[in-house]
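Taking it in order: structure first as structure tokens, then the write-up.
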Amino acid sequence: MRPELLTEINQCLGQMGANPMVQTHARTDKFFELFVWSCTLRALRNIGATLSPRNSNDQATFTLRFRLGPGLLYNPASAPGFVVVDYQGSKYELQNGLRVLGSSKVLHELDLCILKRSAAKRCRRQSIDPDCSAVKFLAECKYYGNNLPLHLGREYLGLSSEFSLRVKTLVANRASPEVHKLVKRHKGTTNFNINPNDTLGMDQFVGWLATELKHVL
């Protein structure tokens, strides 16, 4: 699975004008997160958004550096890069591995999220954390060899309750009827069996993302 994930990520980087070469010894679950990131960018491109890779100083770059662990938006050491999204006159940022304040004012790590650009720029200037009001989309990404354990569904529900969003989803390479039933009961969304070897399933996921992002951006 790892080579296929890398192929999809590199293809997405090349389409965005960034260097199409991922150089890291990260674990496969991190590559899965970046694969979901690439699917999100495909969906944004499909609805006509303009994408611009940026470095930690918010300057245009050809080389994106990704977080390999949770990071703070305003800390250059843990905020290596992101993508500016320009859609119908509004601007946002696509971030990965970012710590964001939930409604309880407790910091949570979001695997993937889209933030309002104006809020993100203010947070960098003032060295403060973004809060849930700045978040337009979030995705939790889980890569497992076998079925997903039920506790991941419980964890997602806890996180989901901190962010009142239309578009928030649990994305995984495996399915779990129990996790799906739990998340659906609480009006959450799951996207299971997402992987680069299933072109149809991947295209359906990208199509779902595109439709949902149209409503919130």
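Of the residues Thr61, Thr169, the one with the largest accessible area comes first in the ranking Thr61, Thr169, computed with a 1.4 Å probe on protein heavy atoms. Percent of accessible area on the chain owned by carbon and sulfur, 1.4 Å probe? Carbon plus sulfur share of accessible area: 47 percent. Computed with a 1.4 Å probe over protein heavy atoms only, the accessible area of Glu178 comes to about 120 Å².
Put simply, the C-alpha atoms of the chain give a gyration tensor, and the ellipsoid matching it has half-axes of 24, 21, 17 Å, longest first.
The gain in end-to-end length when the Glu178 to His215 segment is fully stretched comes to 10.4 nm, 0.36 nm per residue minus the alpha carbon separation.
For the pair Asp29 and Arg166, the difference between a 0.36 nm per residue extended length and the Cα-Cα distance amounts to 46.8 nm.
For the stretch 78-179, applying the loop criterion from DSSP together with a ceiling of 14 other beta carbons within 10 Å to the trypsin sites (Lys or Arg not before Pro) yields Lys105, Arg166. First measure r as the distance between the Cβ atoms of Ser133 and Asn75, then evaluate 1/(1 + (r/R0)^6) with R0 = 30 Å and state the FRET efficiency to the nearest 0.05. Taking R0 as 30 Å, the efficiency between Ser133 and Asn75 is 0.90.
Counting only protein heavy atoms and a 1.4 Å probe, the chain has 47 square angstrom of accessible area per residue. For Lys136, the lysines whose Cα comes closer than 19 Å to its Cα, not counting residues fewer than 8 places off in the same chain, are Lys91, Lys105, Lys116, Lys121, Lys168, Lys187, Lys214.
The stretch 62-80 and the stretch 158-192 have Cα centres separated by 26 Å.
The distance linking the stretch 34-53 with the stretch 90-121 is 17 Å (Cα centroid to Cα centroid, whole angstrom).
The values are calculated or read from the model by the stated rules, or taken from the named source; none is laboratory data. Computed from a prediction, not measured in an experiment: that's the story for all the values here. Don't worry about glycine lacking a Cβ; one is built from the backbone with ideal geometry, like all the others, and counts go over all protein chains shown. These accessible areas exclude ligands, DNA and RNA; they are computed on the full protein's heavy atoms, side chains included. Shrake-Rupley method; radii C 1.70, N 1.55, O 1.52, S 1.80 Å.
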